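A.B. asks: Here it is, the structure, as structure tokens.
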Amino acid sequence: MRISPVVRLLDNHRAACSLRIAVVLALASTLLIGPLHAQVQWVSDGFFPAVLEFKEIKSVQTEKDLKDSAELAKLEFGPALIEAGLRRYGERTFALTDAGNLSVSIYTFGDGRAAYSALTLLAKSRIQTGPPGDFFATEGASLFFASGNNCVHIRSTAWEDLPKRIATSIVNRIGSHESKVPNLIRHLPPDSCDPSSIRYFLGPRALEFFGTRVAGENLAIPADVEVAQAHCTIQDRTGTFSLLSFPTIQMAEEYFNSTSLYGRDASGKANLYSRQTGPLVGILEGNFPADVADKTLGSLKFSYAIKWIYEKNKPSRTIWGVPVKILGTVVHSIMFTALLAVLSIVAGIMLAAARVYARKRWTRLEEHDSYIRLKLDED
């Protein structure tokens, strides 16, 4: 069978078209796969920024992820951070496009109070209200901030605006939450304390690493006591204000009565004053006159939350000698019982009507049933 030249020409044209379509599909798939792969890289595990998220970041140089307590204890100030509730530490160092580098360290704690404490201890400048984060502190190209249960430290050798942009990215990954300053910080005298010197401690180990000595020694406190310290300036005289918060009023009284927290300190160079109110103990050290110290410590207040006791003892309204709340409960019970009775009666009526209707229906069918017999074989 001979094949016409026209048929051959058509076959060659079809083959060429098929080849062209295959080449076009291959190129399209190549172009599509590239952007899809890059898009996947935008999503980073944890809170760290992705490599392709910022044009200044070139690649990841080093990475750490510590969760074991023994490994966390090897960190700088590790014991103090573990005392505050450190649960995880992550660190990544990124190479930048301008031959510099950037480091991101994330400390994860059990609550926001511990994250705020770590921020006050690790940062050396004034703590400010965010954004970025709930609270932050800047030191040149270095940025500290606390967001939720995390305290983050970003260090950069270039691109001074890059740390803030990365901080915003990390905060977005952490998510929204309620933030507030610990209650103990609010008791510090705002007019006399230097905001950049405020430190918040959650135990004796933190005081040992970062605390200011009182009367030449570190404050000896139990493990469950919170401490806030700040440098004070009152009438051109400087000193240190330490505020201790105990779990109970009895513990505060025992500490106040068992410690000589007044008079001159051991070096004889400064005066030492103290005051106890509720579970709080305030200690003021410095060359302050007695009247100034009395006024400063006198501003320390503690209010008891006894609203529920007042409401419990408040006389309630009565009708015929019976409290209104009890009568209301009885009335609601009677109404509920009446409603159940009505529903039961209605249900009984509907069930009886259904049975009567069914019985009549079956009786009619039986009356209409009949048989017809045809005698076809009879003459």
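The values are calculated or read from the model by the stated rules, or taken from the named source; none is laboratory data. These numbers come from a predicted model, not from an experiment. Ideal geometry is used to build each Cβ from the backbone, glycine not excepted, and the neighbour counts take in all protein chains shown. Heads up: the accessible areas ignore ligands, DNA and RNA and are worked out on the full protein's heavy atoms, side chains in. Shrake-Rupley method; radii C 1.70, N 1.55, O 1.52, S 1.80 Å.
A.B. asks: Run down PHE54, PHE48, PHE77 and say which single residue is within 24 Å of SER196 (Cα to Cα) and not aliphatic (A, V, I, L, M).
C.D. replies: Working: PHE54 fails: within 24 Å of SER196 (Cα to Cα); PHE48 fails: within 24 Å of SER196 (Cα to Cα).
That would be PHE77, the only listed residue that is within 24 Å of SER196 (Cα to Cα) and not aliphatic (A, V, I, L, M).
A.B. asks: Which of the helices (runs of 4 or more DSSP H) contained wholly in the stretch 269-379 include at least 3 residues that are modelled with pLDDT under 65?
C.D. replies: Working: elements: 290-298, 307-313, 324-368.
Where helices (runs of 4 or more DSSP H) fall fully within the stretch 269-379 and carry at least 3 residues being modelled with pLDDT under 65, they are 307-313, 324-368.
A.B. asks: Picking from GLY112, GLY78, which residue would you name as being out of contact with any helix residue (DSSP H, G or I) (no Cβ under 9 Å at 6 or more places or on another chain) and over 30 Å from LYS55 (Cβ atoms)? Working first, answer last.
C.D. replies: Values: GLY78 fails: out of contact with any helix residue (DSSP H, G or I) (no Cβ under 9 Å at 6 or more places or on another chain).
The match here is GLY112.
A.B. asks: Going by the structure shown, is SER176 modelled with pLDDT under 85, among the polar types (S, T, N, Q), within 22 Å of GLY148 (Cα to Cα) and open to solvent by 10 Å² or more (accessible area, probe 1.4 Å)?
C.D. replies: Working: modelled with pLDDT under 85: yes; among the polar types (S, T, N, Q): yes; within 22 Å of GLY148 (Cα to Cα): yes; open to solvent by 10 Å² or more (accessible area, probe 1.4 Å): yes.
Criteria met by SER176.
A.B. asks: Next up: For the stretch 139-164, enumerate the residues that are loosely packed, with under 15 Cβ neighbours inside 10 Å and more than 14 Å from LYS124 (Cα to Cα).
C.D. replies: We begin by selecting, within the stretch 139-164, every residue loosely packed, with under 15 Cβ neighbours inside 10 Å; these are 139-140, 157-158, 160-161.
THR157, ALA158, GLU160, ASP161, listed by residue number.
A.B. asks: Here's a check for you: in the stretch 283-301, which residue that is among the polar types (S, T, N, Q) and closer than 13 Å to GLN235 by Cβ is surrounded by the fewest Cβ atoms within 10 Å (Cβ to Cβ)?
C.D. replies: As a first pass, look at the stretch 283-301 and keep what is among the polar types (S, T, N, Q): 287, 296, 299.
Imposing the further condition that a residue be closer than 13 Å to GLN235 by Cβ reduces the set to 287, 296.
Working: ASN287: 11, THR296: 23.
Only one residue tops the list, namely ASN287.
A.B. asks: Kindly check whether there is at least one residue in the stretch 246-260 that is at pLDDT below 85 and either open to solvent by less than 50 Å² (accessible area, probe 1.4 Å) or part of a loop (DSSP other than H, G, I, E, B) (or both).
C.D. replies: The answer is yes; a qualifying residue exists.
A.B. asks: Right, next: Scan the stretch 102-118 and tell me whether some residue there is open to solvent by 50 Å² or more (accessible area, probe 1.4 Å), touching a Lys or Arg at 6+ places or on another chain (Cβ under 9 Å) and modelled with pLDDT under 90. Talk me through it step by step, then tell me what you get.
C.D. replies: Taking the stretch 102-118 as the starting set, the residues that turn out to be open to solvent by 50 Å² or more (accessible area, probe 1.4 Å) are 111, 113.
Add one more test, that the residue is touching a Lys or Arg at 6+ places or on another chain (Cβ under 9 Å), and what stays is none.
Scanning the stretch 102-118 turns up no residue that is open to solvent by 50 Å² or more (accessible area, probe 1.4 Å), touching a Lys or Arg at 6+ places or on another chain (Cβ under 9 Å) and modelled with pLDDT under 90.
A.B. asks: List, please: which pairs have Cβ atoms under 7 Å, are six or more places apart or on different chains, and start with a residue in the stretch 84-99 that is farther than 30 Å from ASP224 by Cα and in contact (Cβ under 8 Å) with a residue 60 or more places away in the chain and end with one that is assigned to a strand (DSSP E or B) and not polar (S, T, N, Q)?
C.D. replies: Every condition considered, the pairs that remain are LEU96/ILE57; LEU96/LYS58; LEU96/LEU102.
A.B. asks: While we're here: Quick check on the stretch 63-82: of everything there that is acidic (Asp, Glu) and not in a helix (DSSP H, G or I), which residue is surrounded by the most Cβ atoms within 10 Å (Cβ to Cβ)? Quick ask: steps written out before the conclusion?
C.D. replies: The first filter runs over the stretch 63-82 and keeps only residues acidic (Asp, Glu), leaving 63, 65, 68, 71, 76.
Imposing the further condition that a residue be not in a helix (DSSP H, G or I) reduces the set to 63, 65, 68, 76.
Details: GLU63: 11, ASP65: 13, ASP68: 9, GLU76: 8.
Within the stretch 63-82, the match that is surrounded by the most Cβ atoms within 10 Å (Cβ to Cβ) is ASP65.
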